[in-house]
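Participant: Take a look at the following structure, please.
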Amino acid sequence: MKIVVCIKQVPDTAEVRINPETNTLVRDGVPSIINPYDLHALEAALQIKEKIGGTVTAITMGPPQAEDALREAIAMGVDDAVLLTDRAFAGSDTWATAYTLARAVSRIGYDLILCGKQAIDGDTAQVGPEMAEFLDIPHIAYVKAIDDINDRVIRVKRMMEEGYDVVEADLPVLLTVVKEINEPRLPSLKGKMRAKKAEIRRLGFKDLETDEHLVGLQGSPTQVKNIFAPEMKKDRKVLKGTPEEVVEQLITVLKEMKCL
Amino acid sequence: MRIKVDVDLCTGCETCISSCPYDAIEMKDDKAFINEYCQLCRNCLNVCPEGAIKEIEGEEPLAVEDLSSYKGVWVFAEQREGRVSDVAFELLGVGRELADQKDTELSAVLFGADSSEAERLIHWGADRVYHCPDSIFDKFNDDPYVDLLTHLIKRYKPEIVLAGATPMGRSFFPRVAARLKTGLTADCTSLKIDPETGHLLQIRPAFGGNIMATILCPRTRPQMATVRPRVMKKGSYDESRKGEIIEIDAENLRCRTRVLETVKEESETTCNLQEADVIVSGGRGLGGPEGFRMLEELAKLLGGAVGASRAAVDEGWIPYSHQVGQTGKTVCPRLYIACGISGAVQHLVGMQSSDVIIAINKNEDAPIFGVANYAIVGDVKEIVPLLIRKLKEVKGQ
Ligand SMILES: Cc1cc2nc3c(=O)[nH]c(=O)nc-3n(C[C@H](O)[C@H](O)[C@H](O)COP(=O)(O)OP(=O)(O)OC[C@H]3O[C@@H](n4cnc5c(N)ncnc54)[C@H](O)[C@@H]3O)c2cc1C
Ligand SMILES: Nc1ncnc2c1ncn2[C@@H]1O[C@H](COP(=O)(O)O)[C@@H](O)[C@H]1O
């Protein structure tokens with residue numbers, strides 16, 4: 001069983017702020033982490049390997065420093081890591097990212113591909129399904145449990161709005177996983193040692209044997225036009241007075257709204 | 001077409017300089033500057049680690065086709081167990097506005113369900129419904145949805161296609177965009193037509209709701225977007241509205257996944273929360289689980305449901321199913337009363353489209369007041385019990 005896990009290095013969005021004067025992101029000092037959902041994908045891959053054998057490869061596309069994320073994955077226990085980095089990939093939207101990852105993954109080889117549900121910087125949840133499309137394999141999104149897997153078939157629970165579906169597919173298949181699927185392990189000491197020394201394979205634009213119009217900015221149908229701070233309401237009314245007076249005014253508002 | 005350096009992004013690292021075969025990039029005030037020697041070879045575009053070098057206007061189209069041959073606004077109407085989901089009617093609301101602005105038609109696409117559901121889509125604003133009643137759509141598998149929707153889009157060439165950002169929409173819609181080689185913008189909170197270019201302006205939160213971004217898909221068609229349930233308002237319902245239903249055959253549809261079982265797990269409270277007209281929501285400011293007893297009483301008097309911030313859920317004062325916000329439910333009631341909630345962006349994205357927001361917080365600088373229609377600076381433990389007493393009086397209890 002050859003399992004590939006796609007992981008992304010993201011800024012810890014809980015700490016990102018916007019500078020209201022310039023309307024730009026303030027990323028100074030914000031730590032980079034492995035996208036939290038991708039840790040669950042890594043854990044799922046390691047558990048499958050422990051159960052039925054095989055190898056786990058982590059891959060990321062990003063700037064050279066994304067190598068840190070791969071070393072962390074090695075520390076958790078993956079066998080092998082691939083860094084997909086090239087200036088030609090800069091400015092990729094989800095289409096170009098998924099396309100580039102798909103090219104790389106098909107070079108590496110796979111029976112099962114695992115992605116996180118979404119990346120917390122963009123929150124799009126598109127890269128997984130788009131990749132599956134480029135590889136022409138089925139995918140199952142929002143997987144919250146892997147019930148059964150062998151060399152041929154996988155059966156999972158997929159989260160839906162009002163519960164879940166039990167879904168089966170033949171391999172190869174791509175899954176995107178949600179947090180409920182497992183509790184990611186912490187890196188072991190031995191793993192950390194190995195991560196320090198491990199060699200990380202690099203792939204660039206040339207290795208993918210593709211057209212430059214399909215990657216990076218040129219291969220991205222969407223563009224960010226501008227960013228801005230969320231708006232504030234302007235017609236705000238402050239209810240003033242003693243608590244009794246305030247409550248009287250509230251009752252009037254509720255009556256006007258026909259809530260009583 | 002021109003190539004320009006975005007000086008806000010440029011860090012002055014000089015990486016681009018050596019990439020230019022024409023020596024057209026120089027440094028000015030510590031920023032890269034592209035001078036008149038530029039031959040538009042585009043070599044520098046991908047070189048900048050910050051993505052600060054950009055093409056301006058008239059980019060080469062990704063699609064070979066003429067963009068102007070794409071017309072009309074489409075809404076993908078999701079159904080479950082033969083009933084069209086509410087999100088479809090919400091999409092028809094915004095779809096109608098977009099279609100009217102573009103002076104074009106609004107169509108709905110319905111896979112599965114029967115023709116009475118197709119009629120309902122017309123009453124809610126569609127001019128036309130493409131309906132494929134085949135039983136292959138009874139259970140949700142991505143493949144047939146992707147195959148048929150892609151086929152219809154290629155055949156009829158709509159300019160804009162929208163779907164709900166539900167587990168279903170978010171799963172199969174990206175594949176459609178990938179196959180059509182066009183852009184897709186997830187979780188839009190606002191959609192407008194740019195009066196100058198006619199492009200769809202797709203506005204969505206990013207970076208955990210800390211900022212909003214406007215996304216364009218200028219070079220390819222259709223322009224595709226998903227919208228979260230309860231973010232847009234439904235359009236108007238008109239029983240007498242007439243429209244056309246075009247029946248579509250399900251031919252040659254693949255299906256590589258098999259749904260073996262469908263299990264429902266809905267709890268009453270979750271379902272209440274999103275259907276509720278009034279939501280009384282509490283945060284860490286309530287001080288403990290007993291604060292939620294108080295809110296339950298208030299909610300009952302107002303015929304509403306109880307919501308919560310993540311901080312309150314994390315404290316264990318109330319189950320996760322009540323959580324409102326980015327990682328909880330998106331709600332859009334007529335009235336949202338926020339009690340002791342600071343108003344972190346992650347909370348705001350889940351409730352700010354409520355019709356009327358009342359906020360009670362003892363800190364007058366709390367960001368929740370930024371979205372409130374009625375602001376009460378005070379102690380929830382004082383205001384809420386008093387309000388409950390008054391309401392009981394008014395109702396004669
Ligand atoms: C990735 C991510 C996702 C998140 N998703 C969500 C989400 O879905 N939903 C969500 O809600 N949060 C979410 N959060 C958390 C969010 O950032 C905030 O931490 C959270 O909303 C704060 O909850 P709070 O307002 O109840 O608590 P606090 O921020 O602690 O605010 C309590 C407020 O109560 C006021 N107060 C205290 N005592 C009283 C009193 N007696 N009377 C009146 N006012 C009082 C205080 O002035 C303060 O404003 C997310 C965070 C991250 C990083
Ligand atoms: N640059 C990337 N490198 C590797 N995997 C990625 C990358 N971007 C996205 N992914 C994968 O796709 C998932 C969804 O990402 P997104 O569509 O950006 O929300 C993530 O959880 C990752 O598993």
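Read-outs throughout are calculated quantities, based only on the coordinates presented, and are distinct from any laboratory measurement. Keep in mind that what you see is a predicted model, and the values were worked out from it rather than measured. Virtual Cβ from ideal backbone geometry, glycine too; neighbours counted across all protein chains shown.
Participant: Long-range amide H contacts for B:Gly307: which residues qualify at under 5 Å (H placed 1.01 Å from N, peptide plane, sequence gap of 5 or more or a different chain)?
Facilitator: B:Val280, B:Ser281, B:Gly282
Participant: Angle check, please: helix A:67-76 long axis (alpha carbons) against the longest principal axis of chain A (alpha carbons), in degrees 0 to 90, nearest 10.
Facilitator: Long axis of A:67-76 versus the principal axis of chain A: about 80 degrees.
Participant: Right, here's the next one. Using the charge dipole of the protein assembly as shown (Lys, Arg: +1 at Cβ; Asp, Glu: -1 at Cβ; taken about the Cα centre), state which of A:Ala119, B:Ala311, A:Ser106 has its Cα farthest towards the positive end.
Facilitator: B:Ala311
Participant: To continue, here is another question. If I build a Gaussian network model for chain A, linking alpha-carbon pairs within less than 10 angstrom, which residue out of A:Met193, A:Met61, A:Met159 has the largest mean-square fluctuation?
Facilitator: Evaluated over chain A, the most mobile residue of the options is A:Met193.
Participant: Using Cα springs under 10 Å in a Gaussian network model of chain B, which residue among B:Leu121, B:Leu286, B:Leu184 shows the largest mean-square fluctuation?
Facilitator: Maximum among the listed residues: B:Leu286.
Participant: Run the dipole for the range B:273-395 about the Cα centre, Lys and Arg Cβ at +1, Asp and Glu Cβ at -1, nothing else charged, and hand back the magnitude in debye, nearest 20.
Facilitator: Values: 12 positive and 13 negative charges, 44 e Å.
Computed charge dipole of the range B:273-395: roughly 220 debye.
Participant: OK, next. Pick out, from A:Leu70, A:Thr13, A:Pro172, the residue whose Cα sits farthest towards the positive end of the charge dipole of the range A:2-214, with +1 on the Cβ of Lys and Arg and -1 on the Cβ of Asp and Glu.
Facilitator: Of A:Leu70, A:Thr13, A:Pro172, it is A:Leu70.
Participant: Let me ask something else about it. Looking at the square roots a ≥ b ≥ c of the eigenvalues of the Cα gyration tensor of chain B, which shape do they give, rounded for a/c under 1.5, prolate if a/b is larger than b/c, or oblate?
Facilitator: Working: a/c = 2.29, a/b = 1.27, b/c = 1.81.
It is oblate, given that a/c is not under 1.5 and a/b is not larger than b/c.
Participant: Could you give each residue of the range B:73-78 its phi-based ³J(HN,Hα) in whole Hz, using Karplus coefficients 6.51, -1.76, 1.60 with θ = phi - 60°, and x for Gly or Pro?
Facilitator: Per residue, the Karplus-derived 3J(HN,Hα) values read 10, 10, 10, 7, 9, 6 Hz.
Participant: By the gyration tensor of its Cα atoms, with a ≥ b ≥ c the square roots of the eigenvalues, what is the shape of the range A:2-214: rounded for a/c under 1.5, prolate for a/b over b/c, or oblate?
Facilitator: Details: a/c = 1.31, a/b = 1.27, b/c = 1.03.
Rounded shape, in that the Cα axes give a/c under 1.5.
Participant: Angle check, please: helix B:380-394 long axis (alpha carbons) against the longest principal axis of chain B (alpha carbons), in degrees 0 to 90, nearest 10.
Facilitator: On a 0 to 90 degree scale, this one is about 60.
Participant: Here's something else I'd like to know. Assuming R0 = 30 Å, what is the FRET efficiency of B:Lys300 and B:Asp86, from their Cβ-Cβ distance, to the nearest 0.05?
Facilitator: Computed FRET efficiency for B:Lys300 and B:Asp86 comes out at 0.75.
Participant: Using the basic label-point model (7 angstrom from Cα toward the beta carbon), what is the B:Arg256 to B:Thr197 distance in nanometres?
Facilitator: Placing both labels 7 Å along Cα→Cβ, they lie 3.5 nm apart.
Participant: Turning to a different aspect of this structure: If you rank B:Ile246, B:Ile211, B:Ile357 by fewest surrounding Cβ atoms within 10 Å, what's the result?
Facilitator: On the way: B:Ile246 14, B:Ile211 20, B:Ile357 26.
Least crowded to most crowded, the residues run B:Ile246, B:Ile211, B:Ile357.
Participant: Per the helix-only calculation at 222 nm, which mean residue ellipticity applies to chain B, given -39500 (n - 2.57) for every DSSP H run of n ≥ 4 and division by its residues, nearest 500 deg cm²/dmol?
Facilitator: On the way: 9 runs with 101 residues, N = 397.
Here the helix-only value at 222 nm equals -7500 deg cm²/dmol.
Participant: Could you pull out every residue, at least 5 positions away or on a different chain, whose amide H is within less than 5 Å of the one on A:Ala145? Hs are placed 1.01 Å off N in the peptide plane, and Pro or chain starts have none.
Facilitator: Answer set, sorted by chain and number: A:Lys157.
Participant: Summing Lys, Arg as +1 and Asp, Glu as -1, what charge do residues with Cβ under 10 Å from the Cβ of A:Leu214 carry, A:Leu214 excluded?
Facilitator: Cβ neighbours under 10 Å give a net charge of 0.
Participant: Which of the pairs A:Lys225/B:Lys157; B:Lys300/B:Lys362; A:Lys144/B:Lys102; A:Lys8/B:Lys157; A:Lys8/A:Lys157 have their Cα atoms more than 30 Å apart in this structure?
Facilitator: Numbers: A:Lys225/B:Lys157 25 Å; B:Lys300/B:Lys362 24 Å; A:Lys144/B:Lys102 42 Å; A:Lys8/B:Lys157 35 Å; A:Lys8/A:Lys157 24 Å.
Pairs exceeding 30 Å: A:Lys144/B:Lys102; A:Lys8/B:Lys157.
Participant: I've got another one for you. Roughly what % of Cα-Cα distances in the protein assembly as shown sit above 37 Å, to the whole percent?
Facilitator: Numbers: 87694 of 215496 pairs.
Counting every Cα pair in the protein assembly as shown, those more than 37 Å apart make up 41 percent.
Participant: Still on this model: Set the bar at 20 Å for Cα to Cα. Now go through A:Lys51/A:Lys196; B:Lys71/B:Lys181; A:Lys240/B:Lys381; B:Lys4/B:Lys31 and name every pair that lies beyond it. Walk me through the numbers on the way to the answer.
Facilitator: On the way: A:Lys51/A:Lys196 27 Å; B:Lys71/B:Lys181 18 Å; A:Lys240/B:Lys381 17 Å; B:Lys4/B:Lys31 12 Å.
Distance filter (> 20 Å) returns A:Lys51/A:Lys196.
Participant: Same structure, new question: First check a/c for the range B:67-247, with a ≥ b ≥ c the square roots of the eigenvalues of its C-alpha gyration tensor; if it is under 1.5, answer rounded, and if not, answer prolate when a/b is larger than b/c or oblate otherwise. Walk me through the numbers on the way to the answer.
Facilitator: Numbers: a/c = 1.39, a/b = 1.27, b/c = 1.10.
It is rounded, given that a/c, with a ≥ b ≥ c, falls under 1.5.
Participant: Work out the charge dipole of chain B with +1 on the Cβ of Lys and Arg and -1 on the Cβ of Asp and Glu about the Cα centre, then indicate which of B:His199, B:Gly169, B:Ser68 is farthest towards its positive end.
Facilitator: B:Gly169
Participant: Let me ask something else. HN-Hα J couplings of the range B:232-240 from phi, Karplus 6.51/-1.76/1.60, θ = phi - 60°, integer Hz, Gly and Pro as x?
Facilitator: Computed from phi, the couplings for the range B:232-240 are 9, 8, 4, x, 9, 8, 9, 4, 8 Hz.
Participant: Relative to the longest principal Cα axis of chain A, at what angle does helix A:94-108 sit, 0 to 90 degrees, rounded to 10?
Facilitator: Between helix and principal axis, roughly 20 degrees.
Participant: While we're on this one: With +1 on each Lys and Arg Cβ and -1 on each Asp and Glu Cβ, and nothing else charged, work out how big the dipole of the range A:2-214 is about its Cα centre, in Debye to the nearest 20.
Facilitator: Details: 26 positive and 35 negative charges, 187 e Å.
Taking the Cα centre of the range A:2-214 as origin, the dipole is about 900 debye.
Participant: While we're on this one: Could you name the aspartates and glutamates whose alpha carbon sits less than 14 Å from that of B:Lys233, not counting residues in the same chain fewer than 8 places away?
Facilitator: Within reach: B:Asp86, B:Glu90, B:Glu97, B:Glu275, B:Asp277, B:Asp355.
Participant: Determine the dipole magnitude for the protein assembly as shown: charges of +1 sit on the beta-carbon of Lys and Arg, -1 on that of Asp and Glu, nothing else is charged, the reference point is the Cα centre, and the result goes in debye to the nearest 20. Show your work: numbers first, answer last.
Facilitator: Numbers: 81 positive and 100 negative charges, 187 e Å.
Approximately 900 debye in magnitude.
Participant: Now, a different point. Across the range A:45-51, in residue order, what do the Karplus-derived ³J(HN,Hα) couplings come to in whole Hz, using 6.51 cos²θ - 1.76 cosθ + 1.60 with θ = phi - 60° and x for Gly and Pro?
Facilitator: 5, 5, 5, 5, 4, 4, 7
Participant: Under a point spin-label approximation (7 Å from Cα along Cα-to-Cβ), what is the B:Thr327-B:Lys157 distance to one decimal in nm?
Facilitator: Computed distance between label sites B:Thr327 and B:Lys157 equals 4.6 nm.
Participant: Continuing with this model, one more query. Using helices alone, I'd like the mean residue ellipticity at 222 nm for chain A: each DSSP H run of four-plus residues gives -39500 (n - 2.57), total over residue count, nearest 500. Can you show the working numbers first?
Facilitator: Details: 6 runs with 74 residues, N = 260.
Mean residue ellipticity at 222 nm (helix-derived): -9000 deg cm²/dmol.
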